[in-house]
Amino acid sequence: MAFRRLSFAEHRIFWSRAAAIFAIVYVILIPPPLQLGRMLLETGEIIGFFLLATAALGRLWCLAFIAGAKNEILITEGPYSVVRNPLYGLNFLGALGLGLAVENPPLALLLACGFALFYPSVVRSEEARLARAFGAAYAAYCVATPRWIPRWSAYHEPESWVMSPRRFRRGLLGAMWFLWVFMIWELVEEFELIEWLQRWL
């Protein structure tokens, strides 16, 4: 287990993309659990879409702050002033929202459990790297800023911020992947391609 967690921490982008592919295949092969009731599933879909939108917009907000300076300076402004790991928290919301948005609560549970199982190792690895890079400044930041639960009273942001347009553009696709998967699902459902894809797979 320690080896697998370390492997995930070192290759999280690969495994995150693998999770997106798994989610697409899952919703194609595993139908929504209709025994839960149509109203409950549709309510979950609305909540899921709200979580998806929150995750996508929140990741764009984070990207605006890290696109020009990640790994070069310690980011403590904007979303990073209220919580140390806003991107990972938003990933959790997006994964949970995706399962609900495609009317498949079991998928939401699987993705949420996968996040809870593997992402803590990513956070520990990144915190160790930041501690080595920024020393006392990062230690003080950890004391002042919670790891997971935002402290909104601590929010602050600069009047202006330097951002790299190229890095921002490159990060757009990753920031919106939850919505891309949901849109693929909607297209498949709209054009009634589920049965054809199930036979093909």
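The values are calculated or read from the model by the stated rules, or taken from the named source; none is laboratory data. As the structure is a prediction and not an experimental result, all values here were calculated from the model. Every residue, glycine as well, gets a Cβ built from its backbone with ideal geometry; the counts of neighbours run over all protein chains shown.
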- Query: Does GLY94 satisfy the condition of being crowded, with 21+ Cβ neighbours inside 10 Å, touching a residue at least 24 places away in the same chain (Cβ under 8 Å) and in contact with a Lys or Arg (Cβ under 8 Å, 6 or more places away or on another chain)?
  - Reply: yes
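To keep it simple, each residue is scored yes or no on (1) touching a helix residue (DSSP H, G or I) at 6+ places or on another chain (Cβ under 7 Å); (2) farther than 29 Å from ILE24 by Cα.
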residue: LEU96; (1), (2): yes, no
residue: ALA131; (1), (2): yes, yes
residue: PHE134; (1), (2): no, yes
residue: PRO158; (1), (2): no, yes
residue: SER164; (1), (2): no, yes
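Just the residues that are without any contact (Cβ under 8 Å) to a residue 60 or more places away in the chain and not acidic (Asp, Glu), please, taken from region 36-52.
Answer for region 36-52, where residues must be without any contact (Cβ under 8 Å) to a residue 60 or more places away in the chain and not acidic (Asp, Glu): GLY37, ARG38, MET39, LEU40, THR43, ILE46, ILE47, PHE50, LEU51.
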- Message: Going residue by residue through region 102-114, is there one that turns out to be on the phi > 0 side of the Ramachandran plot and among the small types (Gly, Ala, Ser)?
- Response: no
- Message: Where the second residue is in a helix (DSSP H, G or I) and surrounded by 13 or more Cβ atoms within 10 Å (Cβ to Cβ) and the first is without any contact (Cβ under 8 Å) to a residue 24 or more places away in the chain and lies in region 105-117, which pairs have Cβ atoms under 6 Å and are six or more apart or on separate chains?
- Response: ALA112/LEU96
- What about LEU51, is it out of contact with any His (no Cβ under 8 Å at 6 or more places or on another chain) and at pLDDT 90 or above? yes
- Task: Output the qualifying pairs, or none if there are none: Cβ atoms under 7 angstrom, residues six or more apart or on different chains, first residue in region 167-180 and under 12 Å from ARG17 (Cα atoms) and without any contact (Cβ under 8 Å) to a residue 40 or more places away in the chain, second residue surrounded by fewer than 14 Cβ atoms within 10 Å (Cβ to Cβ) and of a type in the set (Gly, Ala, Ser).
- Result: none
- Item | Enumerated helices (runs of 4 or more DSSP H) restricted to region 60-176, each holding at least 2 residues that are touching a Phe, Trp or Tyr at 6+ places or on another chain (Cβ under 7 Å) and of a type outside the set (S, T, N, Q) | 86-101, 105-144
- Leading residue by the ranking (farthest from the chain's Cα centre (by Cα)) among those in region 151-177 that are of a type in the set (Phe, Trp, Tyr), at pLDDT 75 or above and surrounded by 12 or more Cβ atoms within 10 Å (Cβ to Cβ): TRP161
- Residue set LEU93, LEU117, LEU110; condition under 15 Å from ALA53 (Cα atoms), out of contact with any Asp or Glu (no Cβ under 6 Å at 6 or more places or on another chain) and not small (Gly, Ala, Ser); output residue LEU93
- List every residue pair whose Cβ atoms sit under 7 Å apart, with the two residues 6 or more apart in sequence or on different chains, where the first one lies in region 23-35 and is crowded, with 17+ Cβ neighbours inside 10 Å and the second, anywhere, is acidic (Asp, Glu) and not in a helix (DSSP H, G or I). PRO32/GLU103
